[in-house]
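A.B. asks: I am attaching a structure below and will ask some questions about it afterwards.
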Amino acid sequence: MRTLVLGGDGFCGWPSALHLSAHGHEVTIVDNFSRRRIDDELGARSLTPIRSLDERVQAWHDATGRDIGFAELDLAHDYDDLVDLLSTVRPDAVVHFAEQRAAPYSMKSPAHKRYTVDNNLGGTHNLLAALVQVGLDAHLVHLGTMGVYGYESVPVDLPEGYLTVRYPDRDGHEHTRDILYPTQPGSVYHLTKSLDQLLFQFYARNDGLRITDLHQGIVWGTQTDETVLDDRLINRFDYDGDYGTVLNRFLVQAAVGYPLTVHGSGGQTRAFINIRDTVRCIRLAVESGAEVSGRVRVMNQVTESHRISELADLVAQTLGATVDHLPNPRAEADTNDLSARNDQLLGLGLEPTKLAAGLLTESSDIARKYSDRIDHTLIPCTSYWNDRRRAEGTRP
Ligand code: NAD
Ligand code: USQ
């Protein structure tokens, strides 16, 4: 299949592009390198020494003989170039990773909120409008987030995208209807994913676009079967207070003897997936595109749920670390339960990689190997959700 990978220089996009290429897809990466520029803005860098995209693509060719194409383009602003690219490549599938994806970054200031909304919604809408303009029947696979469901401790396993509701009509007869699950985004970033859903619903109904929205949990790990083939293929690994996700942060913190940064009580429960499963899920979603017609297909891309305090205890016991409970910079429930269905990806053949000591050790070995690249001053989370959280977090 001809497959475009938008955001293919990023943490999930790069290993997904390699995995698709390894499985025979003709891959073209699209990226504007905004993520690398945000590293410069934050004075941060990946724990792992990632190469330029040119070097990465050359290394993939050297390791496998396979070629990956590349187009530098800003999805949110370079509309005409996007139309030209779609007309030239005529992809069978488009995988859309190209959004600003960090909740703390999206809450840093009005400028960061506005950038996140403009970039994410502008990019997604440009893509949908361009697919219609070019008249392509490409299957669009978008990376959404489990965060659209919110963290309310509902007494059900979260369904995949839709909720069946029963309601009486004006004569008292009962009807049922599937609606998008009511969203409860917890940050401006998560809000953009909630709004993306409405764009997809509209374009699927109005223009018959074939769309899969993958509500992915928190990704952990770094390497995949493809990125280990050559040092130059190494994936990025964020550990800073804005972009580092919780389990990867804990692994880095343990490696350098920094007390694990649990927000509040750590009673927050979240859904997780290892990066090796992310890339497999992307391929399963892309290759099952023929099944998608009519309403948007929503699949929960998760393999397990964990409470943050339990993850901290596991990392502390496995790798030897102390645990710190810090004032929570985020306005979020201190404790919640969460359980989500993932029947569709299991039905497509996903064999979940569960959080096991072996994989924790793999990531921890990487953290130790590159520990001289870790800047301890970048570890604290200093993006506060509101003034009250700032006052609590900065109290001497
Ligand atoms: P990332 O920031 O590492 O990668 C995103 C890539 O998209 C970057 O290379 C960036 O330069 C590019 N990009 C951003 N805006 C662009 C634009 N306007 N035009 C062109 N390129 C643009 O993020 P990631 O962790 O790889 O996440 C990828 C997707 O998966 C995101 O949409 C994110 O919301 C979703 N997701 C990620 C996680 C996670 O834990 N990392 C979990 C759930 C969902
Ligand atoms: N947390 C800590 N300590 C830390 C960092 C985080 O206790 O040092 C807590 C947070 O307060 C939160 C939870 O851990 O309760 C998860 O935080 P996170 O930064 O790992 O994840 P999140 O901000 O939700 O975002 C990440 C990705 C995002 C993706 C989302 C999936 O950055 O792109 O959409 O995970 S989900 O969480 O399922 O919505």
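The values are calculated or read from the model by the stated rules, or taken from the named source; none is laboratory data. Here the structure is a predicted model, which is why all the values come from computation and not from measurement. Please note: Cβ atoms are built from the backbone with ideal geometry, for glycine as well, and neighbour counts cover all protein chains shown. The area values use the complete protein model at the heavy-atom level, side chains included, leaving out ligands, DNA and RNA. Shrake-Rupley method; radii C 1.70, N 1.55, O 1.52, S 1.80 Å.
A.B. asks: Within the range 12-25, identify whether any single residue is within 16 Å of ligand 1 (Cβ to nearest atom) and either surrounded by fewer than 21 Cβ atoms within 10 Å (Cβ to Cβ) or at pLDDT below 95 (or both), and answer yes or no.
C.D. replies: No: the range 12-25 contains no residue that is within 16 Å of ligand 1 (Cβ to nearest atom) and either surrounded by fewer than 21 Cβ atoms within 10 Å (Cβ to Cβ) or at pLDDT below 95 (or both).
A.B. asks: Let me ask another. Have a look at Ala93, Ala102, Ala63, Ala71 and point out the one that is hydrophobic (A, V, I, L, M, F, W, C), open to solvent by 30 Å² or more (accessible area, probe 1.4 Å) and at pLDDT 95 or above.
C.D. replies: The match here is Ala63.
A.B. asks: How many residues does the range 315-326 contain that are in contact with a strand residue (DSSP E or B) (Cβ under 8 Å, 6 or more places away or on another chain) and not in a helix (DSSP H, G or I)?
C.D. replies: Looking only at that region, the number is 6.
A.B. asks: Sticking with this structure for a sec: If you take the residues of the range 186-212 that are touching a strand residue (DSSP E or B) at 6+ places or on another chain (Cβ under 7 Å) and within 11 Å of ligand 1 (Cβ to nearest atom), which of them is farthest from Asp242 (Cα to Cα)?
C.D. replies: Asp196
A.B. asks: Only residues in the range 259-271 that are over 23 Å from Thr145 (Cα atoms) and open to solvent by less than 30 Å² (accessible area, probe 1.4 Å) count as the first member; pair them with residues that are within 16 Å of ligand 1 (Cβ to nearest atom) and modelled with pLDDT of 95 or more, Cβ under 6 angstrom, at least 6 apart or cross-chain, and list the lot.
C.D. replies: Between residues of the range 259-271 that are over 23 Å from Thr145 (Cα atoms) and open to solvent by less than 30 Å² (accessible area, probe 1.4 Å) and residues that are within 16 Å of ligand 1 (Cβ to nearest atom) and modelled with pLDDT of 95 or more, the close pairs are Leu260/Phe250.
A.B. asks: At least 2 residues that are of a type outside the set (Lys, Arg) and closer than 29 Å to Ala59 by Cα in each: list the strands (runs of 3 or more DSSP E) lying fully within the range 212-302 that qualify.
C.D. replies: The strands (runs of 3 or more DSSP E) meeting that bar are 218-220, 269-274.
A.B. asks: Given the conditions (1) open to solvent by 20 Å² or more (accessible area, probe 1.4 Å); (2) in contact with a Lys or Arg (Cβ under 9 Å, 6 or more places away or on another chain); (3) within 15 Å of ligand 1 (Cβ to nearest atom); (4) not small (Gly, Ala, Ser), report the number of the one that Val117 does not fulfil.
C.D. replies: (2)
A.B. asks: Now a separate question. Quick one: count up the residues across the range 168-198 that are open to solvent by 40 Å² or more (accessible area, probe 1.4 Å) and hydrophobic (A, V, I, L, M, F, W, C).
C.D. replies: Here the count works out to 4.
A.B. asks: Next up: Cβ-Cβ below 6 Å, separation at least six or inter-chain, first residue in the range 26-52 and in contact (Cβ under 8 Å) with a residue 60 or more places away in the chain, second β-branched (Val, Ile, Thr): which pairs?
C.D. replies: Correct list of pairs: Thr28/Val89; Thr48/Ile234.
A.B. asks: For the range 162-170, state whether one or more residues are within 15 Å of ligand 1 (Cβ to nearest atom) and touching a His at 6+ places or on another chain (Cβ under 9 Å).
C.D. replies: The answer is no; no qualifying residue exists.
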